[in-house]
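Worksheet: the structure to be examined is printed underneath.
The values are calculated or read from the model by the stated rules, or taken from the named source; none is laboratory data. Every value quoted in this text rests on a predicted model; they were computed, and no experiment measured them. As a convention, Cβ positions derive from the backbone with ideal geometry for all residues, glycine included, and neighbour counts pool all protein chains shown. The accessibility values were calculated without ligands, DNA or RNA, using every heavy atom of the protein model including side chains. Shrake-Rupley method; radii C 1.70, N 1.55, O 1.52, S 1.80 Å.
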Amino acid sequence: MSGTVPPVTCYPGTVVRAEIDSAALVHNIRTIAARIAPAALMCVLKADAYGHGIATAVRACRAAGITDLGVATVPEALQLTDLLGTDPAVRRERVLCWLFDSDTDLRESVRRGIEIGLTNPPALGQLAAAAQAAGRAARIHVKVDTGLGRNGLTARQLRAVIPELERTAAAAPGGIEIVGIMTHLATADVPSDAATAEQLAKFDAAVRMVRDLLGRRPALGNPDALIVHAANSPAALSLDPVPGSMARVGLSLYGLSPFEGTAASELGLRPVMTVRSRVLTVKAVPAGHGASYGLQYRAERDTRFALVAGGYADGIPRAASGRAEVTVRGRRLPVVGRIAMDQMILDIGDAQVEIGDEAVILGDGITGPSAEEWGAWANSINYEVVTRIGPRVARVPVGAPAAAGQTAGPSAPEPPTAAEPTAGDPNAS
Ligand SMILES: *Cc1c(COP(=O)(O)O)cnc(C)c1O
C-alpha cells in the first residue's frame, strides 16, 4: 500500500484544500521513534489524526513500521480497526483507546482485541461484562491519575480496585488481562517542571502496585510484559530517557511543536498539513471602504481588497480576525475585518495579486503562516488549529510515504487489510 502517491479525490470545484505531506509524516514518525528508543512509539491518531485524515496517517505508520496506535474514543478505535483489520489474530497493530462512558457498549471493541483504558473503578465491571459477552478477555491498560485530574484511578482508587481485580480473576478467569499501565502528564511542555517529577514518582508507585498484583495473580497478566507509558509529545521530546517502555505521541507526529517558543524545525520536525486556497476576486476600493461584517475595518487609503476562500466553517478561527495573515506569491498579507463563515478579505495595497492566485492559509511559517502563529492570533494553540480544520476542507495526500529515506524498519510483509484505507477521503472525520 505504500510507494505510490495516492490519487487526489477532491470534488470538482473544491477551493480550500489541506495537503497532507505523507513523506513529512513518515519523517516525523521516524525522527521521534529514534529519539525515544528503546521505548516504543505509540502513534496517537485521535480526532481524525489531529485533522490530517486517519487513512493517510495509517499508511504513514505502516511505512514507518509502527505497530502501536492510540485513539481516544471507542468509535475512533472501531473506525481504525475497520482500516487495519478487525481480526486481532491477523492484525499486526495494537489499538488502544481510553475514553468512553458508563453506557458505551464495549463488546465489539473486546471482540476486535482493541485495548481499553481502565479509567475509573466502575469501568472494571463494564469491561468484565463486555469480556463475558464477547467470549474473550478484555485487554486493559490501568490508567492512573497522577495529578492531571482527568480520568484514571487515583492512588486510593487503585488500592481499592486491586482486590476487585483479584476477585474478578478468581471468579471469571481469563476475563480481564492487564496489558499496560498509563498516566498522562499535565506540564510536560514546561521543561523540568517539578509537577512532572511528582507525577512520575506517583506513577512509579502505581506501576509497582500493579506489578505486585500480577506477581500474585499471573492469570491477570504477565508482569514482565507490562507496557508502561506516560509520555506525550512534550515529554517524548524533552525527557531523556522517556519514562516507561512506550510513549504516546500525537501532536509532534504532525510536525508541530509542543513547546511555546520552540519551532518545529528546531526539533527536526516538518509540518505535515498545508492549507491552500485561492484569491477569488481583486478590486480597487477607495479610502474609508469597510471590510466584512460589522465594518470594523476601514481602508486608510485608496487600496485593493482580495477575497480568499476559507472561513470559520473551514476551521479558520474567527478569533484571529484583525491579526491573521495569509501568504500570496510568497508575501504575507493582512486579513482585515472579521473572518466570515466561508471567506476572508485581504487588504493588498499595491501588492501583485491576481484573481486565481494561490493563497496559503496554513503552512510551515515560510510557505505560509504556521499553526503556532494561527494559535497565537486566535488565543489558542496549534493543537486546536489543526484539529478544527473542518470537514469541508478536502484532505489531499501528497508525497509517497515509502519515498522518505530508507525503507520501513521492520521487514515484515504488509498484512492483509480488511479495508484498504482510501486516499484523499475527504469525509474522514
Ligand atoms: C492526546 C493524548 C496523547 C497525545 O498527546 P500529544 O501531546 O498530542 O502528544 C497522549 N495520551 C493521551 C491520554 C491523550 O489524550
Matching residues, segment 33-52, being near the ligand (Cβ under 10 Å from one of its atoms), assigned to a helix (DSSP H, G or I) and open to solvent by less than 30 Å² (accessible area, probe 1.4 Å): Tyr50
Condition check for Gly356: more than 27 Å from Ala23 (Cβ to Cβ), open to solvent by less than 80 Å² (accessible area, probe 1.4 Å) and not polar (S, T, N, Q): yes
Candidate set from segment 184-195 (those that are within 16 Å of the ligand (Cβ to nearest atom) and open to solvent by 40 Å² or more (accessible area, probe 1.4 Å)); member that is modelled with the lowest pLDDT: Pro191
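Residue-wise test of (1) open to solvent by 50 Å² or more (accessible area, probe 1.4 Å); (2) part of a helix (DSSP H, G or I); (3) more than 16 Å from the ligand (Cβ to nearest atom).
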| site | (1), (2), (3) |
| --- | --- |
| Leu158 | no, yes, yes |
| Pro163 | yes, yes, yes |
| Met182 | no, no, no |
| Ala197 | yes, yes, yes |
Answer residue from segment 216-275, given it is within 16 Å of the ligand (Cβ to nearest atom) and charged (D, E, K, R) and is surrounded by the most Cβ atoms within 10 Å (Cβ to Cβ) among those: Arg248
Qualifying positions in segment 109-142 - within 16 Å of the ligand (Cβ to nearest atom) and either open to solvent by 10 Å² or more (accessible area, probe 1.4 Å) or among the polar types (S, T, N, Q) (or both): Thr119, Asn120
Filter result for Leu346 (over 28 Å from Ile54 (Cβ atoms), buried (at least 20 other Cβ atoms within 10 Å of the Cβ) and without any contact (Cβ under 8 Å) to a residue 40 or more places away in the chain): no
Residue in segment 69-108 that is most open to solvent (accessible area, probe 1.4 Å), counting only those that are part of a helix (DSSP H, G or I) and within 16 Å of the ligand (Cβ to nearest atom): Pro75
Search result, residues across segment 276-289 that are closer than 27 Å to Glu358 by Cβ and open to solvent by 30 Å² or more (accessible area, probe 1.4 Å): Arg276, Arg278, Leu280, Thr281, Val282, Lys283, Ala284, His289
